[in-house]
Amino acid sequence: MKKAYLFGFVFVMALTVSLGAYSAVLGDSELVHFWVAVPAGNVTSPMIMRGAGPPVSISPLVIDLQSRGVLKNTLQPNLEGVSTHWIYNLGKKPVRIRLDLANVPPDIKVDWEVNSGFEYDASTHTFTTPLRPGGSIPNLGIDWMFHIPEYYMDEPVVYDGGLEVIDADTNALLTFIPIKFINGGAGSGSHPGGGCH
Amino acid sequence: MTPKETLIRNRWRYSSFIVGFFLFVAPFAILTRAVYYIVGNSADPTLHSICFRMPIDWIFGGRFYSILGSSWFMAAFAFGVIISSIFIGPAFCGWLCPVGAFSETISRVVPIPNRYRLRINDTKLTTSMRYGFLAGFILVAALVGYDLASDQLGSICCRYCPSSMLQNFSSALFGDLSALEYWHSGSIITLLLWLIAGGLFMSGGRGWCLFFCPLGAISGLAHKVGSRLGFYRVEHENGSCTGCNKCKDLCPMWAIKEDRSVERGLCVNCKECMHVCNAYKLKRGKNSGGS
């Protein structure tokens, strides 16, 4: 009987660790969570930004739609998302953050789902509260949901654009994080498994 | 016992489920709203805003800055639940947690014959499996948190999140249908484990609570310690037991042993057993039965 208890313990423990491993796989290609820091310029390769706040790891996103889980690819292949919970100001002065997605084809509809501890103007995608140096937007959650038409799903590159982080007062581009959806090839989600807070 | 009798006998607990829903789940989220008001946070609170599991992930992953940072109230809440479990048992799990309440309710409302529902009668096996999950959860949190395997492992908390799903169901119910728009593989797996396998096809509907909730598992340990110290727990008295086994059939946490004593590592003090049998009493003080 003791063997059954040991087996039960080990089985569920192994199942849990397996779910963690699968989470890492999914985190690279489904609802990828990534970090944002300003000012970072054009992010062409993975880097660790250091400045007024904590070190922030940022990188371009290359999401391989073919690497998604079987369940996602079977049940809902035409809707993909990216998400962030972290926008840090590593600069030396307060900045009001405006966001935009670059190069979105007119037939790909993107839903912005934003929740934040700062006041947010949904019409301009602007956080009206200035973000102080070293700080991050509290309790932030942004999901960008891309509705991809069926006829795009065979393209080798489905979306090739990125996230623009702009100083809302001067219109200066502070950070550009390239985002690419591809079909086949290695993806590069920056934060496997995601984290919510 | 008919569903109506069950409803009447457990009316206070089922009312408490509704209170839990109003306290934590948006658009109400009264408790979270109050906390946000106190800390001056203007974000829209949801069930997801006070995560019940992440503070445990932070502790074992060495992310103490998260506990002390802007989400300190989440840690305070989780520790509050664990500490209170020493004194009054895992009452949060049994009476207030919207995630467990929802799957238990679904299980009770959907009439699937019991022969299609899994129940493990050996409490030692259930306990082994429950703490096998906790060990796996701690292992993953540590390996990811200390950057020992962060490329190979991802967060269990966030990828498999029944709180997000319940919040999405609620948002859709109150008019925001877009909340149910996006599904990822993790959320589909969670749906299967939480509501389908753990809810509909496990007796009592608390499969997720038993096998996939770290807060529940740690609260169970706290209750085990607390009951040995003489704090509130449910006890079985052999004298008035008729051996009818109704207690075993009704316990949603599978916590009744062969000799009808209570396995405290599983019990959530829901009092379902007390409502069908006079042999069960809520007790305080030393000289305890059970384990």
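The values are calculated or read from the model by the stated rules, or taken from the named source; none is laboratory data. Keep in mind it's a predicted model, so treat the numbers as computed, not measured. FYI the Cβ positions are ideal-geometry reconstructions off the backbone, even for glycines, and counts take in every protein chain you see. Please note that ligands, DNA and RNA were not included when accessible areas were found on the heavy atoms of the full protein model with its side chains. Shrake-Rupley method; radii C 1.70, N 1.55, O 1.52, S 1.80 Å.
Candidates are the residues of the stretch B:19-45 that are more than 15 Å from the chain's Cα centre (by Cα) and closer than 12 Å to B:PRO98 by Cα; the one that is nearest to the other protein chains (Cβ to nearest Cβ) is B:ALA26. So for the stretch B:93-101 (the condition being buried (at least 17 other Cβ atoms within 10 Å of the Cβ), within 30 Å of B:GLY62 (Cα to Cα) and more than 14 Å from the chain's Cα centre (by Cα)), does at least one residue qualify? So far as the stretch B:93-101 goes, no, none of its residues is buried (at least 17 other Cβ atoms within 10 Å of the Cβ), within 30 Å of B:GLY62 (Cα to Cα) and more than 14 Å from the chain's Cα centre (by Cα). Condition (residue is in contact (Cβ under 8 Å) with a residue 12 or more places away in the chain, aliphatic (A, V, I, L, M) and surrounded by fewer than 17 Cβ atoms within 10 Å (Cβ to Cβ)) applied to the stretch B:68-87: is it met by at least one residue? There is at least one residue in the stretch B:68-87 that is in contact (Cβ under 8 Å) with a residue 12 or more places away in the chain, aliphatic (A, V, I, L, M) and surrounded by fewer than 17 Cβ atoms within 10 Å (Cβ to Cβ).
Here B:PHE169 clears all of (1) more than 14 Å from chain A (Cβ to nearest Cβ); (2) on the phi > 0 side of the Ramachandran plot; (3) open to solvent by 20 Å² or more (accessible area, probe 1.4 Å) except the condition numbered (2).
Within the stretch B:37-51, can you find the residues that are of a type outside the set (S, T, N, Q) and in contact with a Ser or Thr (Cβ under 7 Å, 6 or more places away or on another chain)?
Step one: list which residues in the stretch B:37-51 are of a type outside the set (S, T, N, Q), which gives B:37-40, B:43-45, B:47-48, B:50-51.
Those that are of a type outside the set (S, T, N, Q) and in contact with a Ser or Thr (Cβ under 7 Å, 6 or more places away or on another chain): B:ALA43, B:PRO45, B:LEU47, B:HIS48, B:ILE50, B:CYS51.
Apart from one condition, A:PRO192 fits all of (1) assigned to a loop (DSSP other than H, G, I, E, B); (2) at pLDDT 95 or above; (3) within 14 Å of chain B (Cβ to nearest Cβ); the exception is (2).
Looking at the stretch A:5-18, is at least one residue at the interface with another protein chain (Cβ under 9 Å from one of its Cβ atoms), touching a strand residue (DSSP E or B) at 6+ places or on another chain (Cβ under 7 Å), open to solvent by less than 50 Å² (accessible area, probe 1.4 Å) and not aliphatic (A, V, I, L, M)? Scanning the stretch A:5-18 turns up no residue that is at the interface with another protein chain (Cβ under 9 Å from one of its Cβ atoms), touching a strand residue (DSSP E or B) at 6+ places or on another chain (Cβ under 7 Å), open to solvent by less than 50 Å² (accessible area, probe 1.4 Å) and not aliphatic (A, V, I, L, M). Please tell me if A:GLY41 is away from every other protein chain (no Cβ under 14 Å), farther than 27 Å from B:ALA217 by Cβ and at pLDDT below 95. So A:GLY41 fails the test.
Taken as a whole, the structure leaves A:GLU119 outside the set of residues that are open to solvent by 60 Å² or more (accessible area, probe 1.4 Å) and within 14 Å of the chain's Cα centre (by Cα). Tell me, please, whether a residue that is surrounded by fewer than 23 Cβ atoms within 10 Å (Cβ to Cβ), in contact with a helix residue (DSSP H, G or I) (Cβ under 9 Å, 6 or more places away or on another chain) and among the aliphatic types (A, V, I, L, M) can be found in the stretch B:148-163. Within the stretch B:148-163, one or more residues are surrounded by fewer than 23 Cβ atoms within 10 Å (Cβ to Cβ), in contact with a helix residue (DSSP H, G or I) (Cβ under 9 Å, 6 or more places away or on another chain) and among the aliphatic types (A, V, I, L, M). So is A:THR129 within 14 Å of chain B (Cβ to nearest Cβ) and either free of Cβ contacts under 8 Å to residues at least 40 places away in the same chain or part of a strand (DSSP E or B) (or both) or not? Considered against the rule, which asks whether it is within 14 Å of chain B (Cβ to nearest Cβ) and either free of Cβ contacts under 8 Å to residues at least 40 places away in the same chain or part of a strand (DSSP E or B) (or both), A:THR129 comes out as yes.
Condition check: more than 14 Å from chain B (Cβ to nearest Cβ) and open to solvent by 40 Å² or more (accessible area, probe 1.4 Å). Does A:ASP169 satisfy that? Yes; evaluated as a whole, the condition is true for this residue. Candidates are the residues of the stretch A:99-126 that are under 21 Å from A:ASN171 (Cα atoms), among the hydrophobic types (A, V, I, L, M, F, W, C) and outside any strand (DSSP E or B); the one that is modelled with the lowest pLDDT is A:PHE118.
Hey, could you check the stretch A:132-147 for residues that are in contact with a Lys or Arg (Cβ under 9 Å, 6 or more places away or on another chain) and open to solvent by less than 20 Å² (accessible area, probe 1.4 Å) and say which is nearest to the other protein chains (Cβ to nearest Cβ)? By that ranking, first place goes to A:MET145.
If the condition is being free of Cβ contacts under 8 Å to residues at least 12 places away in the same chain, at the interface with chain A (Cβ under 7 Å from one of its Cβ atoms) and hydrophobic (A, V, I, L, M, F, W, C), then the stretch B:134-157 contributes B:ALA135, B:LEU139. For the stretch B:120-172, a residue qualifies if it is at pLDDT 95 or above and among the β-branched types (Val, Ile, Thr), and the qualifying residues are B:ILE120, B:THR123, B:THR126, B:THR127, B:ILE138, B:VAL140. Residues in the stretch B:186-224 that are in contact with a helix residue (DSSP H, G or I) (Cβ under 6 Å, 6 or more places away or on another chain) and of a type in the set (Val, Ile, Thr) were compared, and the one that is least open to solvent (accessible area, probe 1.4 Å) is B:THR190. From the list A:LEU61, A:LEU26, the one residue that fits, being among the hydrophobic types (A, V, I, L, M, F, W, C) and within 11 Å of another protein chain (Cβ to nearest Cβ), is A:LEU26. In the stretch B:108-119, the qualifying residues are those that are in a helix (DSSP H, G or I) and modelled with pLDDT under 95, and the one that is surrounded by the most Cβ atoms within 10 Å (Cβ to Cβ) is B:ARG108.
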